[in-house]
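Step one of this worksheet: look at the structure below.
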Amino acid sequence: MPPRGASPRPGITRIGANVQNQVNGIAAQLAAKGLIQIQDNFLWSVEDSPIVVRQPPPQEPPRPIEEIAIGEIAEAAFLNLQEAFSLTREDLLTQTARLLGYDRAGEKVKSRVLCAIDLLGERNLIKSTNGKIELVS
């Protein structure tokens, strides 16, 4: 779900409170009917579909980190670990930020990526051994 006042459509920078209220109301109705899920202010399919990590188009800046769902960030970290087998927490943070289109990880990016890495740990998908993070086999 777009953050308050943000627009889900390119070229439209803001939406009014009435439109935002309508979108929120419709999303709540769909969630109540079991047609979608709302997690962390993002709308998700109820079907078991894979999370796709979206990178910005060439020459375009990445989306603001607040507009990227923790699940998508966690999937980016997971993909990095699949390729590298094991990484330090700092390297995983850096590689995940780069995969999402960020040249460097400022405080906001760092905070969201570390939250996503922690989520993978809470779900027992990764483990830390001797300072390296790896996938749980």
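Values in this text are rule-based calculations from the coordinates and carry no lab data. Note that this is a predicted model, so its numbers are computed, not measured. Heads up, the Cβs are rebuilt from the backbone with ideal geometry, glycines too, and the neighbour counts pull from every protein chain shown.
See the values below:
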read-out	value
Mean residue ellipticity (222 nm) of the chain, computed from DSSP H runs ≥ 4 via -39,500 (n - 2.57), nearest 500	-14000 deg cm²/dmol
Phi-based couplings in Hz for region 23-30 (Karplus 6.51, -1.76, 1.60; Gly and Pro marked x)	4, 4, x, 5, 4, 5, 5, 5
3J(HN,Hα) from dihedral phi, region 52-59, Karplus parametrisation 6.51/-1.76/1.60, rounded to Hz, x for glycine, proline	9, 7, 9, 9, x, x, x, 6
Cα-based equivalent ellipsoid of region 20-137: semi-axis lengths in Å, sorted from largest, via gyration tensor	28, 18, 12
Net lengthening on full extension, A17/L35 (0.36 nm per residue, minus Cα-Cα)	4.0 nm
Interchain or long-range residues, amide H under 5 Å from Q55's placed H	none
Net charge dipole size for region 65-135 [Lys, Arg +1 and Asp, Glu -1 on Cβ; Debye, nearest 20]	180 debye
